[in-house]
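> Before we start, here is the structure in question, set down as structure tokens.
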Protein chains: 2
Amino acid sequence: MERNVENEKTLRDIGEAGVLSRLRDLLRAAPCTAKDSAVLVGPGDDAAVIHPAPGADHDLVLTSDPVIEGVHFEPGTQPAAVGHKAVGRVLSDIAAMGADPAFALVDLVAPPHCPVSKIESLFTAATRLAASFNLAIVGGDMASGPALELHIFGVGRLPHGTAVCRHTATAGEALFVTGTLGGSRREKHLAFAPRVREGAWLRGRASAMIDLSDGLATDARHLADASGVGIRLSGETLPVSEAARHMPGKGTPLEHALYDGEDFELLFTLPSNQAPALEETWQHVFPDCRLNRIGITTNTRGRLEYENADGRVHTIEKHAFSHWTPKS
Amino acid sequence: MERNVENEKTLRDIGEAGVLSRLRDLLRAAPCTAKDSAVLVGPGDDAAVIHPAPGADHDLVLTSDPVIEGVHFEPGTQPAAVGHKAVGRVLSDIAAMGADPAFALVDLVAPPHCPVSKIESLFTAATRLAASFNLAIVGGDMASGPALELHIFGVGRLPHGTAVCRHTATAGEALFVTGTLGGSRREKHLAFAPRVREGAWLRGRASAMIDLSDGLATDARHLADASGVGIRLSGETLPVSEAARHMPGKGTPLEHALYDGEDFELLFTLPSNQAPALEETWQHVFPDCRLNRIGITTNTRGRLEYENADGRVHTIEKHAFSHWTPKS
């Protein structure tokens, strides 16, 4: 099949980042000029930010997340966990923009032999999590398909001009993360509590924010690259989870905290002089949500580093989950 | 596998309507009370209608549509046609509410061996159709999965309180349909022009509206059931398409016009005394879009009838495509 290899590049050949890059070019090449002024943040952040009408006092954030059997969860997974994860991912994206959840649509795909009870359990859990964060499921669609899938479309709301983006960090700021990191696939990736209240509270406080879906190392790089800064993590301060300490295989707990995906915690920056006050207040507002100051932003654009307890600095390599992983 | 048959009802057993009914009950049982006042139209219409913020002078319509290989298009279909259809379905839903297209997100699912060029062609066509109707694609997500799928989430906008719903027809109104009907799967289902301008123009004019995705007979029933009226179609006036006249198999052209899905035309009602003026104006505003007055609404709730040229009236039976078609 020489022809296929030479002439027909596949998604596997260029990987998720390659696909994303090409599609963004396509979107840019066919702009929708009449809407330019209404699109405050386009593709590339946790959610798009739009100004819904001239003069409106609020903005909306729009995000979508797929949850697919065999990709985002194993075939034997409890359906309630699938429903929870699907809504949780959307809530985490809304939180990462500093917005309040508002509305959602659900696209369901399932094969004909799927038990009705499975779909009911899934929707019950999805609806429960949504309602607990004031996210109203207002519609959607359904179709027969080869595997069980949920595609959830979420709308969040926040005062005009207050969305917290990933491209707005500056050098010399403090870097914080909520919760603990690593080992999510033991349990947390199906049962996490999205940081919705924390994210909305950080609106007007954090200078930049992102949710951790691809792993700390990768998402810190996303934030750094978008902002045109570097990041130096302080090894001793990383909140390594219990699960990360008990993962099978050869990775160290620290490696799991750095590289495991689906923590669904919030990573954010803040001017350093505001950091002590924020830490103090946080303890009172969110006594049950751990907050760790884990590093600083630097002016070495694109460099992601890691400082050991002994003061030695190491470069953190790219190493992340990617849909359609590239060959090389 | 006696157990499965007896105890575990599958989606195939209860069909799409059965699944929809159960999920709507679940959504109702776990309401999101804080949002009730903002949700003007929930599940059950072509799109949800929400009031995005207190005092806002506009409403938003939210809709989502899946397009799945092997379900909504055959595996060999040109990727550009797939992209066109996916965006077209969302535009048709927005049009059916009388709204103006505004924003969209695209979830892409594809297997690793999918050629990059296929995805590029698909996105180029999707972006072109979207831009031509001022629909800005502002984000989305992508994932590896078993088949090629697009899930498009669309947001439309219209002045507060002006959405055209399917539950607001009254008895004795005139019934209109755009374009011609039947035989869509020959070509039109992949290449249709969504009636976006027509739908927005009908805002403030039509009393109720729906787009034809499941076939005239089925969608007319949806409109009639939602409005609590009956419908009598006038056989001679049905705009049977050329494609419907050349379909293989034993169905008559009229049967194809009544029952074939995916026409993506607009079906709407209007007080009878306003019908002549609308027909007159329509010819000037939309000289290229055929409009036919095809019947009336009646006060016989739930009855869908068909009047022959000789004046005889027949009842139209239920007969439609359904995902997870029920057994019996």
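> In nm, to one decimal, how far is the modelled label at B:ARG28 from the one at B:GLU187, with both set 7 Å along Cα→Cβ?
Using points 7 Å along Cα→Cβ, the separation is 4.5 nm.
> Can you grab the distance from the C-alpha centre of the stretch A:154-201 to the C-alpha centre of the stretch B:264-328, Å, no decimals?
If we compute the Cα centre of each part, the gap is 50 Å.
> Also, I was wondering about something else. Taking all protein chains as present, what is the carbon and sulfur share of the accessible area of chain A, in % to the nearest whole number, probe 1.4 Å? Present the calculation step by step, with values, prior to reporting the outcome.
Details: 6480 of 13340 Å².
Answer for chain A is 49 percent, counting heavy atoms of protein chains only.
> Give me log10 I(q)/I(0) at q = 0.17, 0.20, 0.21 Å⁻¹ for the stretch A:91-132, Debye formula, one equal scatterer per alpha-carbon, no solvent.
Log-scaled intensity ratios, in q order: -0.60, -0.74, -0.78.
> Work out which GluC sites (Glu not before Pro) in chain A are exposed loop sites (DSSP not H, G, I, E or B, at most 15 other Cβ within 10 Å) and give the longest gap free of them.
Working: sites that count: A:GLU8, A:GLU187, A:GLU317.
Within chain A, the longest run free of exposed GluC sites (Glu not before Pro) spans A:9-186.
> Just the number: Rg to Rh for the stretch A:203-305, Cα atoms, Kirkwood Rh, two decimals. Intermediate results must be reported in sequence, preceding the final value.
On the way: Rg = 14.0 Å, Rh = 14.5 Å.
Here Rg/Rh amounts to 0.97.
> Taking trypsin sites (Lys or Arg not before Pro) as exposed when DSSP calls them loop (any state but H, G, I, E, B) and at most 11 other Cβ atoms lie within 10 Å, what is the longest stretch of chain A free of them, the sites themselves excluded?
A:1-249
> At the nearest 100 Å², what buried accessible area, both sides summed, do you get for A and B when the probe is 1.4 Å? Show your work: numbers first, answer last.
Details: alone 16670 and 16680 Å², together 26700 Å².
Buried: approximately 6600 Å² between B and A.
> For n ≥ 4 DSSP H runs only, could you compute -39500 (n - 2.57) per run for chain A, divide by its residues and tell me the 222 nm figure to the nearest 500? Spell out each step's value before the answer.
On the way: 10 runs with 105 residues, N = 328.
Computed mean residue ellipticity for chain A: -9500 deg cm²/dmol.
> To continue, here is another question. If you stretched the chain out fully between B:GLN274 and B:ASP310, how much longer would it get, using 0.36 nm times the residue separation minus the C-alpha to C-alpha distance?
Result: 10.2 nm gained on full extension.
> Still on this structure, I have one more. Can I get the semi-axes of the stretch B:139-242's equivalent ellipsoid? Compute them from the C-alpha gyration tensor as square roots of 5 times the eigenvalues, in angstrom, largest first. Working shown, then result.
On the way: eigenvalues 153, 85, 37 Å².
One finds semi-axes of 28, 21, 14 Å for the stretch B:139-242.
> Sticking with this structure for a sec: In Å², what does the accessible area per residue of the protein assembly as shown work out to with a 1.4 Å probe?
On the way: 26700 Å² over 656 residues.
Per residue, the protein assembly as shown has an accessible area of 41 Å².
> Output, in nm with one decimal and in ascending order, the distances from the A:PRO271 label point to the matching label points of the other copies (7 Å from Cα along Cα-to-Cβ).
6.1
> Any idea of B:THR168's accessible area? Nearest 10 Å², probe 1.4 Å.
60 Å²
> Shortest first and in nm with one decimal, please list how far the A:THR325 label point sits from its counterparts in the other copies (point 7 Å along Cα→Cβ).
4.1
> So, how do all the Cα-to-Cα distances of chain A break down into 20 Å bins, in percent, from 0 on up?
With a bin width of 20 Å, the distribution comes to 30, 59, 11, 0.
> Taking chain B as a Gaussian network, Cα atoms linked when under 10 Å apart, which of B:LEU223, B:LEU27, B:LEU291 shows the biggest mean-square fluctuation?
Of B:LEU223, B:LEU27, B:LEU291, the most mobile in the Gaussian network model is B:LEU27.
The values are calculated or read from the model by the stated rules, or taken from the named source; none is laboratory data. Remember, predicted model here, so these are calculated numbers, not experimental data. We place every Cβ from the backbone using ideal geometry, glycine too, and count neighbours over all the protein chains shown. Surface accessibility is based on the protein's heavy atoms, side chains included, excluding ligands, DNA and RNA. Shrake-Rupley method; radii C 1.70, N 1.55, O 1.52, S 1.80 Å.
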